[in-house]
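The values are calculated or read from the model by the stated rules, or taken from the named source; none is laboratory data. Given the structure is predicted, the values throughout are model-derived calculations rather than measurements. Heads up, the Cβs are rebuilt from the backbone with ideal geometry, glycines too, and the neighbour counts pull from every protein chain shown. With ligands, DNA and RNA removed, areas are computed over all heavy atoms of the protein, side chains included. Shrake-Rupley method; radii C 1.70, N 1.55, O 1.52, S 1.80 Å.
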Amino acid sequence: MSEDGTRSYYGQPVIKEPVWSPEIPAYLFTGGLAGASAGLAYLAGLRGDEELARRAWIAAGAGVSASPLLLISDLGVPRRFLNMLRMFKVTSPMSVGSWILSASGLATSVATANAVTGALPRAAAAARPAAALLGLPLSTYTAALLTNTAIPVWHEARGVLAFVFAGGSAASAGAVAVAVTPPRHAGPARRVAVGGAAAELIALAAMERRLGELGEPLRSGRAGTLNRLAKGITLAGAAVIGARAGRSRAAAVAGGAILAAGTLAERWAIFRAGFQSAADPKYVVGPQRRRIEEGTARGGSRQAPRLASA
Amino acid sequence: MRHGYDDPKPRVGFFTDTSVCIGCKACEVACKEWNQIPDSNQGFTGHSYDNTVDLGADTWRHVAFIEQRVPVDADGGASLVEAAERGGLVESSGVATYQEGDGLRWLMSSDVCKHCTEAACLEVCPTGALFRTEFGTVVVQEDVCNGCGYCVSACPFGVLDRREGDGRVWKCTLCYDRLKDDREPACAQACPTNSIQFGEVDELRERAEQRLAKLRDDGQSEARLYLADEEDGIGGAGAFFLLLDEPEVYGLPPDPVDSRRHLGSIWAATGAAAAALGAGLVAAVFGGR
């Protein structure tokens, strides 16, 4: 029995820690960056900000190029990556996400290629809105991926995590665009960066409040350190962009880099917190035991026999 | 028409009656032998006689050993030995899984994949490597699995794991090859006390209810069935248990839930967040001066 009263089998984990490697939080970042960058690029193009649009398309293209490489590298059998497209399963966010990433990768690549070379104007005209639209679920489906598991801190964050990722995606897309675009063309990107960062931090606070005691892995250990660090970096990056990036190119580059790093660190913190919550049986058993005690679930066991004859 | 089979077989599974488990680990050995599973940790854990540690890619049966010094009779505070002297529990029910004389209670239980009715692993598998067989069991196709690891995080029991150096996920198949040949799984055949009973799930459930009633009549008030009906969070298991303490004492989750039950709200939140992102981008890009 642990000090908080949870009984366990020699303190051993009840569930397995994820087998996912650091490629996955990196992908959470690149996928979100690609998705929100495509939206930013498309909208900037509509607004007539060609300088910003072109750079944001390049960021989106870089994101969708890196993403499949990261995902394939994480597989136990990388050469079987195409098995991801053997079927479409709505019960599997990873399956849905594989199709979203494939379609969004295709559309974004065409749009990016045209933004750089100008060689595919007609294909790009169709690809741009498609990439922008597909970029939205590309930015948030990863929350479904993490929350549709038995990992306590992820699963219990299921109502809010998608909003954390949506904010983080916008922040990263804005940050990268701010860093690579001359300040006088980067106004919309700055607003996306600061607004995204604010949305991410607000959603994070809501998530941690919702998690309550179960949010402990986000406050303790390595994930806790990362989480605090990430929030500080995100805030600092957004502040630099908000205050100085409109006037100084150097501040734009620094603020963009800092904010992007903050959103990456936040993904990493949430990823690591999942591991911490899987490793300690109190996070798995505690909430389940509470559901039984509160009467909201019967639980897996039953002491009264049910006899057909009795 | 169950699960798309034109000619489904009756659903089969295990009833593991832990009250007669003697901790011999014959099930572990038979499973390893028959399924040609690589060897696993050969160290000593200090956790009673359990050096297998847990279920995983290379351990499809795992015998847990729990040593307790607890009163058996919740009302009177008597040890099991005293209870046995009083009621002749050993003679009438066959419960003899306890050390005699010192009031020490020794629980043993052979754990295995639960072959859930609502199997989260199968539902999240993006490649279709995990599938429901004609016997109602859940099996990984090793020629399809690409080692994405989603099932590992989805399983509420920590059953599945990726095999080192192989990259694919492996777990109990309920001896699919033997079932096709009308033979019982290797672990059940090897079990000398019939703690592991194999059969059709409907029939096993009846047997389990009778066993539970018998134990309770004999004064074993802590006996309980685990995952033996549809009213839990996984719609019942193909492999269920009779336990003598709370599930978490055996390393089992007390209220396992198939995460698919929340998938509707998960997709709704994902969609709402995507829409909010779209609206936010529009507002930010067009909202400036």
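Given the options B:Asp58, B:Asp39, name the one that is away from chain A (no Cβ under 12 Å), more than 30 Å from B:Gly219 (Cβ to Cβ), in contact (Cβ under 8 Å) with a residue 24 or more places away in the chain and not aliphatic (A, V, I, L, M).
Checking each option against the conditions leaves just B:Asp58.
Just give me the residues in region A:41-84 being within 13 Å of chain B (Cβ to nearest Cβ), open to solvent by 60 Å² or more (accessible area, probe 1.4 Å) and under 19 Å from the mean Cα position of the chain (by Cα), in sequence order.
Within region A:41-84, just A:Ser73 meets the criteria.
Select from region A:242-270 the residues that are within 16 Å of A:Arg222 (Cα to Cα) and either charged (D, E, K, R) or touching a strand residue (DSSP E or B) at 6+ places or on another chain (Cβ under 6 Å) (or both) and list them in ascending order.
A:Glu266, A:Arg267 - these are the residues of region A:242-270 that are within 16 Å of A:Arg222 (Cα to Cα) and either charged (D, E, K, R) or touching a strand residue (DSSP E or B) at 6+ places or on another chain (Cβ under 6 Å) (or both).
I'd like to verify a number: residues in region B:1-22 that are of a type outside the set (A, V, I, L, M, F, W, C), crowded, with 20+ Cβ neighbours inside 10 Å and over 22 Å from B:Lys171 (Cβ atoms), how many?
2
How do the pairs read when you match residues in region A:164-179 that are within 11 Å of another protein chain (Cβ to nearest Cβ) and at pLDDT 95 or above with residues anywhere that are open to solvent by less than 10 Å² (accessible area, probe 1.4 Å) and outside any helix (DSSP H, G or I), using Cβ under 7 Å and keeping only pairs 6 or more apart or on different chains?
A:Ala177/A:Ala186
Let's see how each residue does on (1) more than 7 Å from chain A (Cβ to nearest Cβ); (2) surrounded by fewer than 23 Cβ atoms within 10 Å (Cβ to Cβ):
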position: B:Arg224; (1), (2): no, no
position: B:Glu230; (1), (2): yes, yes
position: B:Ala239; (1), (2): yes, no
position: B:Pro254; (1), (2): no, no
position: B:Leu263; (1), (2): no, yes
position: B:Trp267; (1), (2): no, yes
position: B:Gly271; (1), (2): yes, yes
position: B:Ala274; (1), (2): no, no
position: B:Gly287; (1), (2): no, yes
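Identify, from the list A:Arg247, A:Arg222, the residue that is in contact (Cβ under 8 Å) with a residue 60 or more places away in the chain and over 17 Å from the mean Cα position of the chain (by Cα).
That would be A:Arg247, the only listed residue that is in contact (Cβ under 8 Å) with a residue 60 or more places away in the chain and over 17 Å from the mean Cα position of the chain (by Cα).
Could you say which residue among B:Asp177, B:Asp217, B:Asp182, B:Asp258 is surrounded by 17 or more Cβ atoms within 10 Å (Cβ to Cβ) and either free of Cβ contacts under 8 Å to residues at least 24 places away in the same chain or among the charged types (D, E, K, R) (or both)?
Just a single option satisfies the conditions, and that option is B:Asp258.
Right, A:Ala126: surrounded by fewer than 24 Cβ atoms within 10 Å (Cβ to Cβ) and over 15 Å from A:Ile58 (Cβ atoms) or not?
When the stated conditions are applied, A:Ala126 passes them.
Would you be able to say whether some residue in region A:13-32 is buried (at least 18 other Cβ atoms within 10 Å of the Cβ), over 30 Å from B:Cys145 (Cα atoms) and either facing chain B (nearest Cβ under 9 Å) or more than 23 Å from the chain's Cα centre (by Cα) (or both)?
Scanning region A:13-32, I find no residue that is buried (at least 18 other Cβ atoms within 10 Å of the Cβ), over 30 Å from B:Cys145 (Cα atoms) and either facing chain B (nearest Cβ under 9 Å) or more than 23 Å from the chain's Cα centre (by Cα) (or both), so the answer is no.
Which condition number does A:Leu307 fail, the rest of (1) within 14 Å of another protein chain (Cβ to nearest Cβ); (2) surrounded by fewer than 17 Cβ atoms within 10 Å (Cβ to Cβ); (3) closer than 22 Å to A:Thr147 by Cβ being met?
(3)
Residues to consider are A:Gly159, A:Gly195; find the one that is free of Cβ contacts under 8 Å to residues at least 60 places away in the same chain, in a loop (DSSP other than H, G, I, E, B) and either among the small types (Gly, Ala, Ser) or open to solvent by 40 Å² or more (accessible area, probe 1.4 Å) (or both).
A:Gly159
Is it the case, given these coordinates, that A:Ala119 is assigned to a helix (DSSP H, G or I), more than 7 Å from chain B (Cβ to nearest Cβ) and under 23 Å from A:Ala53 (Cβ atoms)?
The answer is no for A:Ala119.
Among the residues that make up region B:28-35, is at least one of them within 16 Å of the chain's Cα centre (by Cα) and open to solvent by less than 30 Å² (accessible area, probe 1.4 Å)?
yes
Looking only at region B:1-30, filter to residues that are in a helix (DSSP H, G or I) and not small (Gly, Ala, Ser); which one of those is modelled with the lowest pLDDT?
In this case the residue turns out to be B:Arg2.
Return the residues of region B:141-172 that are surrounded by fewer than 24 Cβ atoms within 10 Å (Cβ to Cβ) and more than 7 Å from chain A (Cβ to nearest Cβ); say none if nothing qualifies.
Hits for region B:141-172 are B:Gln141, B:Glu142, B:Asp143, B:Arg163, B:Glu164, B:Gly165, B:Asp166, B:Trp170.
Are any of the residues in region A:11-19 out of contact with any helix residue (DSSP H, G or I) (no Cβ under 6 Å at 6 or more places or on another chain) and either part of a helix (DSSP H, G or I) or touching a residue at least 24 places away in the same chain (Cβ under 8 Å) (or both)?
Looking for residues that are out of contact with any helix residue (DSSP H, G or I) (no Cβ under 6 Å at 6 or more places or on another chain) and either part of a helix (DSSP H, G or I) or touching a residue at least 24 places away in the same chain (Cβ under 8 Å) (or both), one finds at least one in region A:11-19, hence yes.
Residue under question is A:Ala230, and the condition is that it be open to solvent by less than 10 Å² (accessible area, probe 1.4 Å), more than 23 Å from B:Val152 (Cα to Cα) and free of Cβ contacts under 8 Å to residues at least 40 places away in the same chain; does it hold?
So A:Ala230 passes the test.
For A:Pro137, state whether it is in contact (Cβ under 8 Å) with a residue 60 or more places away in the chain, in a helix (DSSP H, G or I), open to solvent by 20 Å² or more (accessible area, probe 1.4 Å) and within 8 Å of chain B (Cβ to nearest Cβ).
Spelling it out, A:Pro137 is indeed in contact (Cβ under 8 Å) with a residue 60 or more places away in the chain, in a helix (DSSP H, G or I), open to solvent by 20 Å² or more (accessible area, probe 1.4 Å) and within 8 Å of chain B (Cβ to nearest Cβ).
Quick check: anything in region B:194-214 surrounded by fewer than 24 Cβ atoms within 10 Å (Cβ to Cβ), among the hydroxyl-bearing types (Ser, Thr, Tyr) and more than 7 Å from chain A (Cβ to nearest Cβ)?
no
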